[in-house]
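Asker: Got a structure here, written out as structure tokens. Questions coming.
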Amino acid sequence: MAAKDKKMKKTARERNGRAETEVMLEDEPTTTELETKLGAVGIFILSCVIYFITMFPGLPMGDSGEFMVTAIDFGVAHPPGYPLFTSMAHLAIKLIPFGTPAWRVSLLSVLFGALFNVTVYYVVSLVGKNSVVGLMAAGWIGFSRLFWMWSIQGEIFSLNNFFCAFIMLRAYYFESCSKENILFEAKISALTCGLSLSNQHTSVLFIVPFALRVAYKVLIVEGKSPRDACNIAMYGIGGMAWYLQMPISHFFFTPRVTWGDFGSISTFLKHMLRLDYGSSFKLVAGDTQGTFISNFIAFVKDSSAELTVLPWAFALFLIYTVTTKVPGHLFRTTVKVFLAMMGCYFAVFCSLANIENPAGLSRGVLERFWMQPSIGLLILAGIGLSKFIIFLSEKVHPILKNKYLQLALAILIISVQIKTNYEENDESDNWYAHHYAQSILPELPENSILLTGGDLPTNVFRYHTICEQMRPDVRVMDMQFMAADWFRDVLAPTTFAGINVPGVYRPFKAADLVKGQYNLKGFLDANIDSFDIFVCNSVRRDEGSDYEVHYMLIPYRTCKRFVKRSDVVNPVEVVEKTPSTVLDEWPMPDIRKYEDRTWEHTLKVAYLNSLSEKGSLMWQEAVAHKNSNNLRYLLGKGALEIGQAVTQIETGIAEGRLEEGVWDHVRIGVAMNMGHFCMMLHTMVAAEGNETRRLQLEECGRKYWTIFVHWSKITRLKKEHNEDALVEQLETYLALKSFKELQFNL
């Protein structure tokens, strides 16, 4: 390396009672301090502008709705509680005087997303001694799809990204500080780590290696006392004191939505440690378990698809530099601490995360937890790139070290990232959650109860009834909450006052219930005479009560209404009085933009599936009353409802509001139902000798059964033996020249 680009430094340090002298090489900064500060200001302003003009104007779907409804009343979110974010979101809602509550909290994420980019810039600039490469790294990661997406919505991940990068920055400051300032730097670092843990628990996997390094340097290298170490630890505990928000919320506030009872230390620790999920790093409740290898391979694939393989190449070059060259002590130690953070994350998270081979929404859940190691990867890659430029300038041409040439490359990289990901991350007109709420809430009778399951209906409807006062008289009861031991004592007397909550909800048969438990039938029996009760996202699949014997579920757009069977004389009349899903009323999310890992995709499929719900109910009633005089009427109305669903979907495709692929996914169930309706009516008119009508219905049956058989094979949805048998049977029918002699019975 050219002499003018290096300087020699001699240091002496005490270790094991003797002085050691080490010759170390440190690169000179390629930009001035003023230029570095101007770069920080530039990336901050650019990030704020881009994020602001693309952020959600209303509620994003997913967990955002939960964070809003807990924040507005200073409640507690799902484990581990996220008290720092909840408190900051509470202040944002109270202090920002305009915009929806969701917009105000999203603005908070924009700010921390921009600060994250600045922090990445500083880490790469200081460790790599090249602020222009710092700009490249900040723009590369900050305007990637994943990091951009979580910087424009009211969620915890923007703040967590900032803290993780800031912990890495604190690691550099700690390593580079003088002996006189080491305790001060250690205390500030501990406070930072404590605050980070108050926001997101996964940051502990960056904190542990850093904490061990601080303890070693303070106690062993510098010979400080255990009392000094305890003082440092107290700063970390002080940062984590934000968790006191949870008992404060319990004892001094009455939030309309909160998750848990924090009146005892055991319940507090259970929530904080995420024991409801089985362990701190399980992503979903349950016994499924991923493997280290499968999870690590998933990260390599996802990060390579998200950020390209170049960060891996530059990070590997950095490791090669550290292990084979003679870098400066500060540089070498800092990089080793960063590598330890990455190694700790992979060793723990990849071993414990319990989503195996994720697809759909599960893939979206997992990828957000890849952001933390991606931060480490990009920072290491940025530092590696700065070293690679020096390497190339020596081997190829010194002009590669020209900072103006590098600046042009940085501007190009940032511009390409923004252009590539702008359209996908432009959520400035994303009002889909609002439209979803409007599709249900305004139509509900006064003081209705809305039972929900899953994040989509629960968080969307709770947010709009509580935060935006859209039908505040409607009570949204999350069936997951109802199954919690604390629900009856914490929320039932306040948020759900007047509703009979006869204990703790369990989806068991009546014979399996113990004292203090109730199932769905028990809840309906206790409340159906006082309230109109609806359910969204269907009843739990494991519900064991016999509620269906006593209650009908009448489709009500994307939800359903409970009605006593004893009150129903003609189910068709009940169905005709309830609103139907009409695709023309709401804009449909474009699935070419919103893939199956997004909530927008889930919402669109819910809309499409609800189109045939009334027809399916008519089929069920026809089966239940196959000897009734109303059989033909039920079948006719069912066929009409299914036909209207088909018409809406085909019209949507023709007008470009629905994609062909979505129709292919939904048409299987619709086609099977339509074929059954046509052939049942075919049997009836054949017995009456109406040949013209019989031929029409035979053509109808052939058309839709052909569609069902064709698309069942293509999409491989045949998961059970009876479906295989059905496809084979229908293929036999379709091979016949005429259905005239066939008799189809319910």
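The values are calculated or read from the model by the stated rules, or taken from the named source; none is laboratory data. Only a predicted model underlies this, so the values are computations on that prediction, with no experimental measurement involved. Neighbour counts run over all protein chains shown; Cβ positions are idealised from the backbone, glycine included. The protein model used for the area step is the full one, side chains on, heavy atoms only, and it has no ligands, DNA or RNA in it. Shrake-Rupley method; radii C 1.70, N 1.55, O 1.52, S 1.80 Å.
Asker: For the range 608-627 and the range 234-248, compute the distance between their C-alpha centroids and round to whole Å.
Answerer: If we compute the Cα centre of each part, the gap is 55 Å.
Asker: Report, in whole Å, the centroid distance computed from the Cα atoms of the range 35-80 and the range 111-181.
Answerer: 16 Å
Asker: Loop only by DSSP, 13 or fewer other Cβ within 10 Å of the Cβ. Give me the chymotrypsin sites (Phe, Trp or Tyr not before Pro) in the range 80-181 that pass, ordered by residue number.
Answerer: When the chymotrypsin sites (Phe, Trp or Tyr not before Pro) of the range 80-181 are filtered for loop state and at most 13 Cβ neighbours within 10 Å, Phe98 remain.
Asker: A further question on this structure: Round to a whole angstrom and tell me the spacing of the C-alpha centers of the range 504-538 and the range 449-478.
Answerer: First find each Cα centre; the distance between them is then 19 Å.
Asker: Taking every pair of alpha-carbon atoms in the range 511-556, what share in percent sits in each 5 Å bin, from 0 to the bin with the longest distance?
Answerer: Reading the bins upward from 0: 4, 17, 30, 29, 13, 5, 1.
Asker: A further question follows. Compare the peptides 260-266, 129-135 by average per-residue count of other Cβ atoms within 10 angstrom and give them in order, highest first.
Answerer: Ranking the peptides 260-266, 129-135 by packing returns 129-135, 260-266.
Asker: Using only the Cα atoms of the chain, build the gyration tensor, take square roots of its eigenvalues as a ≥ b ≥ c, and label the shape rounded, prolate or oblate: rounded if a/c is under 1.5, else prolate if a/b is larger than b/c, else oblate.
Answerer: It is prolate, given that a/c is not under 1.5 and a/b is the larger ratio.
Asker: Please calculate the 1.4 Å probe accessible area of Ile96, with all protein chains present, and give it to the nearest 10 Å².
Answerer: 40 Å²
Asker: Still on this model: Strictly over 24 Å apart at the Cα level, which of Lys37/Lys94; Lys577/Lys637; Lys129/Lys224; Lys703/Lys737 would you flag in this model?
Answerer: With Cα atoms farther than 24 Å apart: Lys37/Lys94; Lys129/Lys224.
Asker: Please state the relative contact order of the chain as a whole percent: Cα pairs under 8 Å, 6+ residues apart?
Answerer: After rounding, I find 12 percent.
Asker: Now a separate question. Which order do the peptides 638-651, 600-613 take when ranked by the mean count of other beta-carbon atoms within 10 Å per residue, highest first?
Answerer: 600-613, 638-651
Asker: Now for a separate question. Amide H neighbours of Leu451 under 5 Å, at least 5 residues apart or on other chains, H built in the peptide plane: list them.
Answerer: The list, which skips near neighbours in sequence, is Met477, Phe534, Val535, Cys536.
Asker: So what is the 222 nm mean residue ellipticity for the chain from helices alone, if each DSSP H run of at least 4 adds -39500 (n - 2.57) and you divide by all residues, rounding to the nearest 500 deg cm²/dmol?
Answerer: Estimated from H runs of four or more residues: -19000 deg cm²/dmol.
Asker: Using all Cα-Cα distances in the range 527-591, what percent lands in each 10 angstrom bin from 0 up to the longest?
Answerer: 17, 46, 26, 10, 1
Asker: May I pose another question? Once you compute Rg and the Kirkwood Rh from C-alpha atoms, what is the Rg to Rh ratio for the range 483-550?
Answerer: 0.94
Asker: Listed highest first by mean packing, meaning other Cβ atoms within 10 Å per residue, what order do 425-436, 510-521 come in?
Answerer: Answer by packing, highest mean first, reads 425-436, 510-521.
Asker: Another question about this same structure. My understanding is that a pair violates if its Cα-Cα distance is over 31 Å; which of Lys270/Lys593; Lys604/Lys740; Lys217/Lys270; Lys604/Lys713; Lys301/Lys336 do that in this structure?
Answerer: Violating the 31 Å Cα-Cα cut-off are Lys270/Lys593; Lys604/Lys740; Lys217/Lys270.
Asker: A follow-up question, please. Largest first and in whole Å, give the semi-axes of the range 490-617's equivalent ellipsoid, each being the square root of 5 times a Cα gyration tensor eigenvalue.
Answerer: They are 30, 20, 14 Å, listed largest first.
Asker: Would you mind getting the accessible area per residue of the chain, heavy atoms of the protein chains only, 1.4 Å probe, in Å²?
Answerer: Spelled out: the 1.4 Å probe surface of the chain, per residue, equals 44 Å².
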